[in-house]
Amino acid sequence: MAYAAVKTYTQSMSAGRRSVLVTVAETDLAATSEYSIDMAGLLPAGTWKLVRFRLIETSGDATTYAPVWSNTTAPASTQGGYVGTLSAAASQDSTNSGAGWVGSGATVYGRSVPNAGTNNVVTTKLYFVEGWH
């Protein structure tokens, strides 16, 4: 099968600021698989902050993941929101490391970066709020 990323969006208000929970369900995930999130219409133009993420592996050969996000395609660990290597043994939930990444622009590009296989199935939840603080 071919790589696929299905996204769902849940918008809300938090402390008077707009927020959005983006759920990305990836199948047949490999190290270079990439998804994009169109922020236009979700949050006002300008700056937003990734305040929390959760990565949950359902199946696959990977034993670790190294998720990264950026405003440019092919995000790498030297840019954007990079959280380091996470174990695939349990779901990973973070409010620090790459969470806290402040970005701007119309599109977020993300990679889950598994260390092995092309058969990985992962769900990532990303919580963004408008503004940088």
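Of the residues making up the stretch 36-64, those that are part of a strand (DSSP E or B) and touching an Asp or Glu at 6+ places or on another chain (Cβ under 6 Å) number 3. At pLDDT 90 or above, over 14 Å from the mean Cα position of the chain (by Cα) and not hydrophobic (A, V, I, L, M, F, W, C): does that describe Ser87? No; evaluated as a whole, the condition is false for this residue. Only one of the numbered conditions (1) surrounded by fewer than 19 Cβ atoms within 10 Å (Cβ to Cβ); (2) of a type in the set (Val, Ile, Thr); (3) touching a Gly at 6+ places or on another chain (Cβ under 9 Å) is not met by Ile37, and that is (1). So which residues in the stretch 22-33 are surrounded by 16 or more Cβ atoms within 10 Å (Cβ to Cβ) and assigned to a loop (DSSP other than H, G, I, E, B), if there are any at all? Within the stretch 22-33, Ala30, Ala31, Ser33 qualify. Would you check if Ala106 is in contact with a strand residue (DSSP E or B) (Cβ under 8 Å, 6 or more places away or on another chain), surrounded by 14 or more Cβ atoms within 10 Å (Cβ to Cβ) and at pLDDT 70 or above? Spelling it out, it is not the case that Ala106 is in contact with a strand residue (DSSP E or B) (Cβ under 8 Å, 6 or more places away or on another chain), surrounded by 14 or more Cβ atoms within 10 Å (Cβ to Cβ) and at pLDDT 70 or above.
Within the stretch 103-120, the set of residues being farther than 23 Å from Lys49 by Cβ and touching an Asp or Glu at 6+ places or on another chain (Cβ under 7 Å) comprises Ala116, Gly117, Thr118, Asn119, Asn120.
The values are calculated or read from the model by the stated rules, or taken from the named source; none is laboratory data. Just so you know, these numbers come straight off a predicted model, no measurement behind them. Please note: Cβ atoms are built from the backbone with ideal geometry, for glycine as well, and neighbour counts cover all protein chains shown.
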